[in-house]
Amino acid sequence: MAKLHYINNVSLDGYCEDEQGAFEWGPMPDDVFQTYIELLKPVGTFLYGRRLYETMSGWETMPALAEQSALTAEFSGVWKAPNKVVYSSTLTDVATRNTRIERTFDPGKVVAMKAEVEGELTIGGANLAAQAIKAGVVDEVRLFVWPITVGSGKPALPAGIGYTLLGFRRFDNGAVLLQYKPSAR
C-alpha cells in the first residue's frame, strides 16, 4: 500500500504563510532543493488544494522556470511526471497533463487510492492536509522548518494532533527537515 506524505515549508513559529498569504522564505539553497527532488522522485500522485496546484502548475506551464538551472530542470521533470488530483469546488479546468479535479475531499477515496496507485502520494496545501491528518490518512509529515518567524498567518499543521519524530536533517542555511508520524488521537 502506498504511503501518503505531507510536505511543506514552515516558519520557526509554525506558519506556512504569513498574514498576506506569502510563503517565500528566501532563496532555496541547492542542498535543500536537491532534498525536495529526492523526496518527490517516488511520488506517483500529488493531491493538491486549488491554490497550491495553481502555484505549482507553473512547473509545467512556464518553461522558463525549468530553464533556470540543472536543479530546476530536474525538479520540473520530477513534478510533471506524477498524476495530480486537485480538490476544488471552484476550479473548472486544469492547465497540466495527468490532472483531474475532485470537488470534495473524501478520506475513504484517499485510502482506496493508497491501495491502487503506483508510487507514493503527497498531499499539499495546509487546509487540505489538515483534513487528511485529522482523518488519519497521512502516514508522514515532512516539514522544512526555516529559521525565520512570521508572527502569524496560516498554520502548517492542525491543532490537537500529536506527532512522533521519525528523523531530521540539518542544512547549512539553518533550515531543518523534520519527519513525523501523526499520532492517533
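The values are calculated or read from the model by the stated rules, or taken from the named source; none is laboratory data. In this text the structure is predicted, and so the values were computed from the model without any measurement. Counting neighbours? That spans all protein chains shown, and the Cβs are built from the backbone with ideal geometry, glycine included. These area figures cover heavy atoms from the full protein model, side chains too; ligands, DNA and RNA do not enter into them. Shrake-Rupley method; radii C 1.70, N 1.55, O 1.52, S 1.80 Å.
Miscellaneous remarks
- Within the accessible surface of the chain, defined with a 1.4 Å probe on protein heavy atoms only, the carbon and sulfur portion equals 52 percent.
- In summary, the aspartates and glutamates within cross-link reach of residue 3, defined as a Cα separation below 17 angstrom excluding same-chain residues under 8 places away, comprise 38, 106, 116, 118, 120, 139, 140.
- Highest mean packing comes first when the peptides 56-69, 141-154 are listed by Cβ atoms within 10 Å, giving 141-154, 56-69.
- Whether the chain is rounded, prolate or oblate, judged on the alpha carbon gyration tensor where a/c under 1.5 counts as rounded: rounded
- Region 1-103: C-alpha gyration tensor shape, a/c 1.5 cut-off, then a/b vs b/c: rounded
- Evaluated with a Cβ-only charge set (Lys, Arg +1; Asp, Glu -1), the chain carries a dipole of roughly 660 debye about its Cα centre, given to the nearest 20.
- Candidate lysines - alpha carbon under 17 Å from residue 154, same-chain residues fewer than 8 apart omitted: 134
- On a per residue basis, the chain carries 51 Å² of accessible surface, using protein heavy atoms and a 1.4 Å probe.
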